[in-house]
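Before any comments, here is the structure.
The values are calculated or read from the model by the stated rules, or taken from the named source; none is laboratory data. These numbers come from a predicted model, not from an experiment. Neighbour counts are summed over all protein chains in view; Cβ atoms, including those assigned to glycine, are modelled from backbone coordinates with ideal geometry. For the accessible areas, the whole protein counts, side chains as well, though only heavy atoms, and no ligand, DNA or RNA atoms are used. Shrake-Rupley method; radii C 1.70, N 1.55, O 1.52, S 1.80 Å.
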2 protein chains.
Amino acid sequence: MSSAEPAGTWQQRLRASGHRLTPQREMVLRAVEELGHATPDEVHAEVRRHSDSVNLSTVYRTLELLDDLGLIRHAHLTDRAPTYHSATGHEHAHLVCRACGRTTSIGRDEMEQALSGLAARHGFAPDYGHLTVFGTCADCRQGERGTLEP
Amino acid sequence: MSSAEPAGTWQQRLRASGHRLTPQREMVLRAVEELGHATPDEVHAEVRRHSDSVNLSTVYRTLELLDDLGLIRHAHLTDRAPTYHSATGHEHAHLVCRACGRTTSIGRDEMEQALSGLAARHGFAPDYGHLTVFGTCADCRQGERGTLEP
DNA sequence: ATAGATGCAAATAATTTGCAGACCG
DNA sequence: CGGTCTGCAAATTATTTGCATCTAT
C-alpha cells in the first residue's frame with residue numbers, strides 16, 4: 001500500500017537522484033539518527049562534536065535534501081523550530097504535552113487505525129509520520145496547577 | 001465537559017483578566033474573524049485597510065493575548081507561519097493537502113471520536129482545535145504524477 | 001492619577017542566498 | 001575535467017523587546 005522506504009541504501013538513493021555522496025551529508029545523516037529528534041541547530045552542534053566544522057548553511061541544505069529523498073523526516077514538536085528524525089526506523093506520529101513538554105511516539109499503525117475512518121470519509125491520505133497532536137498528558141492533567149512556563 | 005468558550009462577552013473577558021479594551025484590540029479581533037485563517041502579517045494588513053495604522057508589534061502582542069484568553073486560536077497550516085482564526089465559531093481541526101494546499105475543516109466532534117480510543121489509551125487530552133493533519137487530498141491523489149526530483 | 005497599552009526603532013532568531021573555490025565521480 | 005557542493009558572509013524573513021509616550025479606567 002503505502003510506500004515507506006524507497007529501495008536501496010541511502011548511498012544509492014543519493015546517487016540515483018543525481019546527487020553526490022559527501023562526508024558532510026554522511027555526518028548530518030548520522031547525527032540525525034543519533035539524536036532522535038533534533039533541530040537544525042542541534043544537528044549542527046552534534047556534527048561539530050564528531051568531526052571538524054560543517055557550516056550551518058550546509059546543515060540546512062542537507063536536511064532539506066535528505067528530507068526530500070525520504071531518508072529523514074521532520075515534525076513540528078513545538079510552535080517553533082521543526083525537528084528532524086531518522087526515517088529508517090518505524091514511522092511514527094507524536095503526542096506532545098504542552099504543560100511538561102513530554103513527547104510520546106505513536107506507532108504508525110495505531111495512528112492509522114484511529115484516523116482510518118476519518119481519512120476514508122474525506123478521501124484524504126494523512127502523512128502519519130508528520131503528525132503531531134498537542135494536548136495535555138495524564139500526569140499534567142492531575143497535578144493541574146495552572147501554567148508553568150519553563 | 002471540555003470548557004470551550006469562557007463565559008461573557010469578549011469585552012468582559014478582557015476586563016476580567018485585568019486587561020484593557022482598546023480600539024487596536026477590537027480591530028485585531030475583528031480582522032481575525034473576518035479573514036478566517038490569517039497570519040500575523042495578513043491580520044496587520046487587514047487592520048490597516050479599515051482604520052489607520054496599528055503597529056505590527058501591537059498585532060503580535062494582541063494576537064498572543066487574545067489566544068491566551070481563548071478569544072482566538074492558532075494552528076499551523078503550513079510548515080511556516082502560524083495562522084489565527086476565530087474561536088467563537090465551532091472548534092475545529094484541519095486537514096491540509098501538501099500538493100494543492102487546500103484546507104478542510106474537521107469538526108471537533110468528528111476528530112474527537114476518531115482519536116478517543118488513542119487518547120484514552122495514553123491518558124492524553126488532545127487539543128483538537130490546534131490539530132492539523134498534513135497529507136494528500138482525494139483530487140491530488142488521482143492526478144498523482146510522482147515525485148519531482150531535481 | 002496611574003497601571004497598562006501602543007508606537008517606534010533596534011535587537012534577536014531563524015533561515016536563505018550569491019558566489020568563488022574545493023571536491024566527487 | 002566539469003558539474004556539484006561547501007564555506008562564508010551578507011541578505012531575508014519573522015518575531016521580540018526597551019523605552020518614552022499615551023490612554024483607558
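Below are the figures for this structure:
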| read-out | value |
| --- | --- |
| Boolean, B:ARG73 is more than 15 Å from the chain's Cα centre (by Cα), surrounded by 12 or more Cβ atoms within 10 Å (Cβ to Cβ) and of a type outside the set (Asp, Glu) | no |
| Unmet requirement for B:ASP68, which otherwise passes all of (1) surrounded by 13 or more Cβ atoms within 10 Å (Cβ to Cβ); (2) within 11 Å of another protein chain (Cβ to nearest Cβ) | (1) |
| Residue tally, condition of a type outside the set (S, T, N, Q) and free of Cβ contacts under 8 Å to residues at least 12 places away in the same chain, over the stretch A:51-78 | 4 |
| Cβ pairs under 9 Å, 6+ apart, first in the stretch A:36-50 and within 14 Å of chain B (Cβ to nearest Cβ), second within 14 Å of DNA strand D (Cβ to nearest atom) and not in a loop (DSSP other than H, G, I, E, B) | A:PRO40/A:LEU56; A:PRO40/A:VAL59; A:PRO40/A:TYR60; A:PRO40/A:LEU63 |
| Enumeration of residues in the stretch B:12-32 that are under 20 Å from the mean Cα position of the chain (by Cα) and not aliphatic (A, V, I, L, M) | B:ARG13, B:GLN24, B:ARG25, B:GLU26, B:ARG30 |
| Top-ranked residue of the stretch B:41-51 - restricted to ones that are within 12 Å of DNA strand D (Cβ to nearest atom) and among the charged types (D, E, K, R), ranked as surrounded by the most Cβ atoms within 10 Å (Cβ to Cβ) | B:GLU42 |
| Within the stretch A:9-35, considering residues that are within 14 Å of chain B (Cβ to nearest Cβ) and open to solvent by less than 50 Å² (accessible area, probe 1.4 Å), the one farthest from DNA strand D (Cβ to nearest atom) | A:ARG13 |
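Residues checked against (1) crowded, with 17+ Cβ neighbours inside 10 Å; (2) within 13 Å of another protein chain (Cβ to nearest Cβ):
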position	(1), (2)
A:SER53	no, no
A:THR58	yes, no
A:ARG61	no, yes
A:CYS97	yes, yes
A:CYS100	no, yes
A:LEU118	yes, yes
A:HIS122	yes, yes
A:LEU131	yes, yes
A:GLY135	yes, yes
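Every residue, every condition in (1) part of a helix (DSSP H, G or I); (2) modelled with pLDDT of 95 or more; (3) within 15 Å of DNA strand C (Cβ to nearest atom), yes or no:
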site	(1), (2), (3)
B:HIS44	yes, yes, yes
B:SER57	yes, yes, yes
B:GLY70	no, no, no
B:LEU115	yes, yes, no
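To keep it simple, each residue is scored yes or no on (1) more than 16 Å from DNA strand C (Cβ to nearest atom); (2) closer than 21 Å to A:ALA119 by Cβ; (3) in a strand (DSSP E or B).
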residue	(1), (2), (3)
B:ASP52	no, no, no
B:LEU66	no, no, no
B:ARG73	yes, no, yes
B:ALA81	no, no, no
B:LEU95	yes, yes, yes
B:ALA99	yes, yes, no
